[in-house]
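The structure appears below as structure tokens.
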Amino acid sequence: MPSRAQRVRPAITMRGRLLATAAALLVAGSPVLAADARPLADDPIVEARMLTISEELRCLVCQNETLAASRAELAEDLRREVRSLIRQGKSDTEIKDYLVTRYGDFVLYRPPVKSTTWLLWFGPFLLLAGGVAGLVAYLRRRAGRVAPPTLSAADRAAAEALLAGSADAPAGSTSSPKDQA
């Protein structure tokens, strides 16, 4: 059986090859890696404010990511729109209101509690309560269908004989009614 050092050496060699390949791609300026990079804004203040606002907005494509974290094309378009609204001098509230009028409350990562968003806020709890109520109803119907076990006259007599025999027997005795007969 090979020693631990002999088993680890191929893994280190493979890891070294992977690192060398990654370094070669970085040095060569691979277009795949360049396409993944985010463009930097001309104004770092605008970019910082855009990131703050986009952390509170939902990506309309991904639906479970913030606008800042999403890499979808629509998310990039929305970030570009937010940057242009910031450059126009709009406040954070005005920007969010603009996006809500355009896309609805769903664009907010934490939509407000109001009559139009009750389903978003309370829907999961209603589904959970409905599931529990359905389970309880099912279990009650199922319990009603199962008939209690009935004993025949012979089984009842045998059980009574066993009970009577154990009540009359001394504490250490293990004899059965058949042994006493």
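Couple of notes before you dig in:
- In this simple spin-label model, placing a label point 7 Å from the Cα along the Cα-to-Cβ direction at both ALA133 and TYR98 gives a separation of 4.5 nm.
- Phi-based couplings in Hz for segment 61-68 (Karplus 6.51, -1.76, 1.60; Gly and Pro marked x): 8, 6, 6, 10, 10, 6, 5, 5
- Cα centroid separation - segment 145-160 against segment 66-97, whole Å: 75 Å
- The trypsin sites (Lys or Arg not before Pro) of segment 83-118 meeting both criteria, a DSSP state outside H, G, I, E and B (loop) and at most 10 other C-beta atoms within 10 angstrom of the site's C-beta, are LYS114.
- Per-residue Cβ neighbour counts within 10 Å put ARG80, ARG49 in the sequence ARG80, ARG49, beginning with the fewest.
- Pairs of alpha carbons in segment 44-107 whose separation is greater than 18 Å (percent): 25 percent
- In this rough spin-label picture, where each label sits 7 Å from Cα along the Cβ direction, the ALA158-GLU73 distance is 7.8 nm.
- Among SER115, SER91, a tally of other beta-carbon atoms within 10 Å of each Cβ gives an order, fewest to most, of SER115, SER91.
Each reported figure results from applying straightforward, stated rules to the coordinates on display, with no laboratory input. Since the structure is predicted, the reported quantities are computational estimates derived from the model, not experimental observations. As a convention, Cβ positions derive from the backbone with ideal geometry for all residues, glycine included, and neighbour counts pool all protein chains shown.
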